[in-house]
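In what follows, a structure is listed as structure tokens, so that the remarks can point back to it.
The values are calculated or read from the model by the stated rules, or taken from the named source; none is laboratory data. Keep in mind that what you see is a predicted model, and the values were worked out from it rather than measured. No Cβ is skipped: glycine too gets one built from the backbone with ideal geometry, and neighbour counts run over all protein chains shown. Only protein heavy atoms, including side chains, enter the accessible area calculation; ligands, DNA and RNA are left aside. Shrake-Rupley method; radii C 1.70, N 1.55, O 1.52, S 1.80 Å.
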Amino acid sequence: VNESVATARNDQPFTGGVSKEVTVVTRADLDTLVKTLSQDLIQKAKQELAVSVGGNEKIIDETIKINVTEKTFTEELDQETQILHGKLTMSITGVTYKNDDIKLFVNQALQDKLPAGYALTPDQITVEIKNAQIKKDATISFVAVFKAVTMPNFDVGQIKQKLAGKNIESAREILEK
């Protein structure tokens, strides 16, 4: 028989004591805070990035990369709290292109496809970049959808000579031809 072991039994219910309900920080709370802060920062950063590239440059949305560089929380995991505070620092990068460069490329690519006597109007070329993909070798491929306006070539000097001294009806006939 071991004399150092004792057994006790209480047949009455326990009374007294304190019951307290507490709210603690969980991993889900931290993840939700990071997600919420990330969404807000990403929207703000995209707007600032778009403004910073200038009017002639455009950013390719598919190339925007977001990297969380620092995240700190005032409250720790499993700490009792009602409000969770945190700080999130991100770096955001993206690739831009100059709209004029794309227009110049389109202009050069279409020169031999224009009907005789017509030319592109450079200030009326619009370009939209779609389906951009960054490849493993860091090159970017995309689809450029463009619209261009062509105008017939006019020899203004020759037209002036033909119109000189003509009445309105004769001038109209010359211009229609």
**Item:** Loop-located trypsin sites (Lys or Arg not before Pro) in the range 82-152, at most 15 other Cβ atoms within 10 Å (DSSP)
**Value:** Lys135, Lys136
**Message:** I'd like to know which of Phe146, Val18, Ile59 lies farthest towards the positive end of the charge dipole of the chain, counting +1 on Cβ of Lys and Arg and -1 on Cβ of Asp and Glu.
**Reply:** Phe146
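What's the longest bit of the chain with no exposed chymotrypsin sites (Phe, Trp or Tyr not before Pro), using DSSP loop states and at most 15 other Cβ atoms within 10 Å as the test? Don't skip to the answer; put the middle values down first.
Numbers: sites that count: Phe14, Phe154.
The answer is 15-153.
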**Prompt:** Taking N as the number of residues in the range 1-43, what value does Rg over Cα atoms divided by 2.2 N^0.38 Å take?
**Reply:** 2.69
**Prompt:** Can you tell which of Gly17, Gly165, Gly117 shows the greatest fluctuation in a Gaussian network model of the chain with Cα springs below 10 Å?
**Reply:** Gly17
**Prompt:** What 222 nm value per residue comes from the helices of the chain, counting each DSSP H run with n ≥ 4 as -39,500 (n - 2.57) and dividing by all residues, nearest 500 deg cm²/dmol?
**Reply:** -10000 deg cm²/dmol
**Request:** Could you state, as a whole-number percent, how many of the C-alpha pairs of the range 103-177 are farther apart than 22 Å?
**Result:** 51 percent
**Request:** Give me the accessible area per residue for the range 10-65, probe 1.4 Å, as a whole number in Å².
**Result:** 79 Å²
**Prompt:** Which of the trypsin sites (Lys or Arg not before Pro) found in the range 1-64 are loop residues per DSSP with 12 or fewer other Cβ atoms within 10 Å of their Cβ?
**Reply:** Arg9, Lys20
**Message:** Counting other C-beta atoms within 10 Å, and keeping those with at most 13, which DSSP coil GluC sites (Glu not before Pro) do you find in the range 44-133?
**Reply:** Glu76
**Asked** Residue by residue through the range 112-128, which ³J(HN,Hα) values in whole Hz follow from phi under the Karplus form 6.51 cos²θ - 1.76 cosθ + 1.60 (θ = phi - 60°), with glycine and proline marked x?
**Response** 7, 9, 7, x, 4, x, 10, 9, 6, 9, x, 6, 10, 9, 10, 10, 10
**Fill in**
In cubic angstrom per residue, the convex hull of the chain built on its Cα atoms measures 319 Å³
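Roughly speaking, to the nearest percent, how much of the range 70-173's 1.4 Å accessible area is carbon and sulfur?
On the way: 4100 of 7880 Å².
Reported share for carbon and sulfur atoms: 52 percent.
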